[in-house]
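The values are calculated or read from the model by the stated rules, or taken from the named source; none is laboratory data. Here the structure is a predicted model, which means the values were calculated and not measured. Quick reminder, even Gly has a Cβ in these numbers, built from the backbone with ideal geometry, and neighbours come from all protein chains shown.
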Amino acid sequence: MKTVYDFARDAGLSTSPSYYSGRGATTSDLNGMHLDRIYESIRFYIGQPAATQFAIMVAETPVLSATDFLLNLFTLARNEWVWDSRFISKADGINIDSEGSAFGTVMSVFGGPRRDQTDSIRSSFLHQHSKEIPATSMPKPKNNGWPDSYFGY
């Protein structure tokens with residue numbers, strides 16, 4: 001039986017949230033392809049209801065840094081694949097599990113402002129799964145100068 005760590009690894013992600021610590025929400029760390037692969041693994045190995053809960057988790061996570069995404073994903077699995085928005089990670093993209101990750105996080109934070117590409121990370125995924133996600137869970141795009149219709153969810 002595959003585990004949530006296998007799902008993340010099979011999608012091309014590190015299973016250590018601290019690996020991405022301090023880097024912000026960037027498409028180079030996490031993107032729609034990762035989300036789709038994890039969704040399909042959950043659907044195949046756990047079932048459609050769990051995959052739907054994963055889609056809701058993606059929609060409700062305010063900032064999809066890879067760190068916060070992995071922390072939320074692991075929490076979802078520990079809760080037997082039932083999502084509750086109270087589980088949203090409060091890590092703010094920071095997770096330290098060793099001296100090395102602490103140093104890397106400090107360097108990332110002092111290296112400049114953290115980017116937030118959350119809309120780009122999840123827009124195609126949310127468009128594809130919008131029928132599964134309650135309207136109350138769908139995020140309002142941050143806009144960033146683009147009309148709301150540009151994001152298409």
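Sort out which residues of the range 141-151 are surrounded by 12 or more Cβ atoms within 10 Å (Cβ to Cβ) and at pLDDT below 55, and write them in order of number.
Answer for the range 141-151, where residues must be surrounded by 12 or more Cβ atoms within 10 Å (Cβ to Cβ) and at pLDDT below 55: Tyr150, Phe151.
Just give me the residues in the range 12-70 being surrounded by fewer than 23 Cβ atoms within 10 Å (Cβ to Cβ), in contact with a strand residue (DSSP E or B) (Cβ under 9 Å, 6 or more places away or on another chain) and aliphatic (A, V, I, L, M), in sequence order.
Selection gives Val63 alone.
Any idea which residue in the range 114-138 is surrounded by the fewest Cβ atoms within 10 Å (Cβ to Cβ), counting only those that are of a type in the set (Val, Ile, Thr) and either in a loop (DSSP other than H, G, I, E, B) or in contact (Cβ under 8 Å) with a residue 60 or more places away in the chain (or both)?
Ile133
Which of the residues spanning the range 14-40 are part of a strand (DSSP E or B) and of a type in the set (A, V, I, L, M)?
Ala25
I'm checking my understanding of the structure. Among residues of the range 85-140 that are touching a strand residue (DSSP E or B) at 6+ places or on another chain (Cβ under 9 Å) and at pLDDT below 90, which one is farthest from Leu70 (Cα to Cα)?
Looking at the filtered set, the residue picked out is Pro113.
Scan the range 44-73 and report the pairs whose first residue is in contact (Cβ under 8 Å) with a residue 24 or more places away in the chain and whose second residue is buried (at least 24 other Cβ atoms within 10 Å of the Cβ) and acidic (Asp, Glu), with Cβ atoms within less than 9 Å and a gap of 6+ or a chain change.
Every condition considered, the pairs that remain are Thr61/Asp68; Pro62/Asp68.
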